[in-house]
Structure formats: C-alpha cells, structure tokens
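Below: the structure, in structure tokens.
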Amino acid sequence: MKLRGQRAYAARYDERHGEHGYAMAALIVAISVMAILMTAVMPVWKQSAQREKEAELVFRGQQYVHAIQLFQRKSGPGTYPPSIDFLVQQKFLRKKYKDPITNDDFQPLYANAQAGVVSAPQTAQRPGQQATATPPAQQTLQSGFGTNGTTPQGGIIGVTSKSKDASIKIYNGREHYNEWAFVYIQTAQQAG
C-alpha cells in the first residue's frame, strides 16, 4: 500500500511539473510573438511621432510670426522686435516656445538693416544637383543667419529650427528643418 501511495504521488508530481513546462513554453512563444509585432510596429510609431513634432514645429513657428505681426501693428510698419524675450514681456507672445525637433530654443532670424536683406539659414546643395534660379524673396532668405559674428541689427523677423536633419514633410519646398523659415513678411495694402 505504501508503494501504491508513492506511485500515485509521483504520478501527480510528474503531471504538475509537466504542466509547468508547457506553461513556460507557451509564455516564451507569446513573448517571441510580441517582440516580432513590436519590431514591425516600432518604425510606424516613430514616423508618426516625427510627423506630430513637425506639425507642432509649424504651429509654434506660426505663433512667432503672428507675434511679430502684432508687434508691427502696434509699433508701425518696418519695425521689428529686438528679441523674442521682448515679445513675451510685452505680451505679443504667450510664452517662449521650444523647438519640438531639438527641444531647444528656436534660432531667431534677423533683418539686416545695413544690407536690407533678411537673414536665414543657407540651404545646402546636394552633390550632383544643378543650381536653380530662385526668386529674389527666397534668395534673401538664404543669405546666412545674419549675425556674422556681430550684433544682429534690424530686429527679429522670424525663427527657424536649429536642426539640420531631413524632414518627412516638405514645407515651402524645403526638406531640412533648419530651412523651414517662419518669417513675417509685410504685405503692402492697396487703397480701395
């Protein structure tokens, strides 16, 4: 009888431990399947997050343009704010927005009073690409950041990102974030 009890106990013990082995194998298979699915979903999620950052970059850049426009309405045509902090202090801009791509401050673009041109980042020409004629308005936006080691003159006319990375979206024909210039351009109003 004692032998029969030991055999029954051993059989139950084997059954229980055998079930644990199957559960462990099922768990490993489930984790493997989840890892494969995450590998497939990760690039889609990353691109979606990048598109959201680009949309936020455009929104924040347009907030700066709107603040400069409000400043000019109050101060007169051709007058630009001296700094971004001034726009915030005078309540033309709700707050100093960060660039969502770099999570740093935007690069201000200055009106160069001496040369009468707008300063913005230069666009790099790709190897093998021929130079194309650009309209004068775009040429003035490609003349460099405008500081050239000196104090910026003429005030702030807009902002751009400091990131030189390629964008997913093409904004105003530009494919790199530092080429996306958010600039207030005053339009002449005709009488009547």
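Readers should treat all values here as calculations from the given coordinates under stated rules, not as data from a laboratory. In this text, all values refer to a predicted model and were calculated from it rather than measured experimentally. Note: ideal-geometry Cβ built from the backbone for every residue, glycine included; neighbour counts use all protein chains shown.
Which far-off residues, 5 or more places away or on another chain, put their amide H under 5 Å from the one on I157, with H placed in the peptide plane?
L109, Y110, A111
Output the peptides 54-64, 86-96, 31-41 sorted from most to least packed, where packing is the average of other Cβ atoms within 10 Å over each peptide's residues.
So the peptides 54-64, 86-96, 31-41, ranked by packing, come out 54-64, 86-96, 31-41.
Given R₀ = 35 Å, FRET efficiency for T79-K162 by Cβ-Cβ distance, to 0.05? Before the final figure, lay out each step's value.
Working: r = 26 Å, r/R0 = 0.75.
So the FRET efficiency works out to roughly 0.85.
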